[in-house]
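The structure appears below as structure tokens.
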Amino acid sequence: MTFPEMPSFSLHGKRALVTGGSKGLGFACAVALAQAGAEVWIAARDRPALDAAATLAAERGLTLHPVSLDITDVAQVEQVLSPLPAFEILVNSAGLARHEPFLTVSEASFDAVMAINLRATFFISQQVAARMREEQIAGSIIHISSQMGHVGGPSRSVYCASKFALEGLTKAMALELGDAGIRVNTLCPTFIETALSARSLGEPAFRRYVLDNIKLGRLGTVEDVMGPVVFLASDAAGMITGSALMVDGGWTAT
């Protein structure tokens, strides 16, 4: 009998790119990866927000490299990423939510949500994965999905559609990229108190609906995603691909 060795959770020597990394969940993911030892780039359209995030991290001894990038512009993504080194880790955290009843959803709302949550994620992942394969990097791609990629929700038809599609994309990517050692998974939070969710959670009836469905009895925090994202990025998750890691307080358990 051989003695088992604990796989490493350390990300030292690895490079990571986090989209939507200037605030909210993305910023928390970037901080978590940096604290675990990775060299981290954060991408977003808002340069002042990027600089503010990098400054806040620097005040705590962490380096986050800001990258001004509109991830919906595929040509710009290629232009901006080409000079950068290949990444071992990609976290797709950029997202958009427009919540309205199914019967009143406009084409503009549908297209805007799909453009960021699905199309942009698809094509930036394609470019990063191509570099991983080219440079023989056994990397980890993590899509920040949602519990709403596994259940339905009121006034969330477009958001649910985008996240269900992301779950399918994840499985297909895992099948195609597995031979290169590239793992692809989703991390699926419940309702987290961020600027993105503030409007919905500010409605007392909806907040009560949410809390009634989270079995742990509380809303999620950005800190709740930090351990899971490091786990999925690390060698400790070396046999996990094509999977969804639920961080939903038990919402989808029923």
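The values are calculated or read from the model by the stated rules, or taken from the named source; none is laboratory data. This is a predicted model, so every value here is computed, not measured. Using ideal geometry, Cβ is built from the backbone for each residue, glycine included, and neighbour counts are taken over all protein chains shown.
Structure values in brief
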item	result
Any hit, the stretch 63-74, residues being of a type in the set (Gly, Ala, Ser) and either modelled with pLDDT under 95 or in contact with a strand residue (DSSP E or B) (Cβ under 9 Å, 6 or more places away or on another chain) (or both)	yes
Residue in the stretch 21-39 that is of a type in the set (Val, Ile, Thr), buried (at least 20 other Cβ atoms within 10 Å of the Cβ), assigned to a strand (DSSP E or B) and at negative phi present	no
Residues located in the stretch 156-170, provided they are assigned to a helix (DSSP H, G or I) and either of a type in the set (D, E, K, R) or farther than 17 Å from LEU90 by Cα (or both)	SER157, VAL158, TYR159, CYS160, ALA161, SER162, LYS163, PHE164, ALA165, GLU167, GLY168
Residue ID - nearest to SER234 (Cα to Cα), chosen from residues in the stretch 73-107 that are in a strand (DSSP E or B) and not β-branched (Val, Ile, Thr)	LEU90
Total residues in the stretch 195-254, condition without any contact (Cβ under 8 Å) to a residue 60 or more places away in the chain and of a type in the set (Asp, Glu)	3
Meets criteria (farther than 17 Å from LEU25 by Cβ and either buried (at least 23 other Cβ atoms within 10 Å of the Cβ) or touching a Leu at 6+ places or on another chain (Cβ under 6 Å) (or both)) for VAL151	no
Residue check, ARG207 of a type outside the set (Phe, Trp, Tyr) and farther than 19 Å from ALA28 by Cβ	yes
Some residue of the stretch 179-196 being of a type outside the set (A, V, I, L, M), touching a helix residue (DSSP H, G or I) at 6+ places or on another chain (Cβ under 6 Å) and exposed (fewer than 15 other Cβ atoms within 10 Å of the Cβ)	no
Tabulated pairs, the stretch 65-83, first closer than 23 Å to LEU33 by Cα, second polar (S, T, N, Q) and not in a loop (DSSP other than H, G, I, E, B), C-beta under 7 angstrom, 6+ apart or interchain	LEU69/GLN76; ASP70/GLN76; ILE71/THR19; VAL77/GLN127; LEU81/GLN127
Which listed residue, of MET132, MET173, is crowded, with 16+ Cβ neighbours inside 10 Å, touching a Phe, Trp or Tyr at 6+ places or on another chain (Cβ under 8 Å), at pLDDT 95 or above and part of a helix (DSSP H, G or I)	MET132
Residue in the stretch 6-20 that is surrounded by the fewest Cβ atoms within 10 Å (Cβ to Cβ), counting only those that are in a loop (DSSP other than H, G, I, E, B) and small (Gly, Ala, Ser)	GLY13
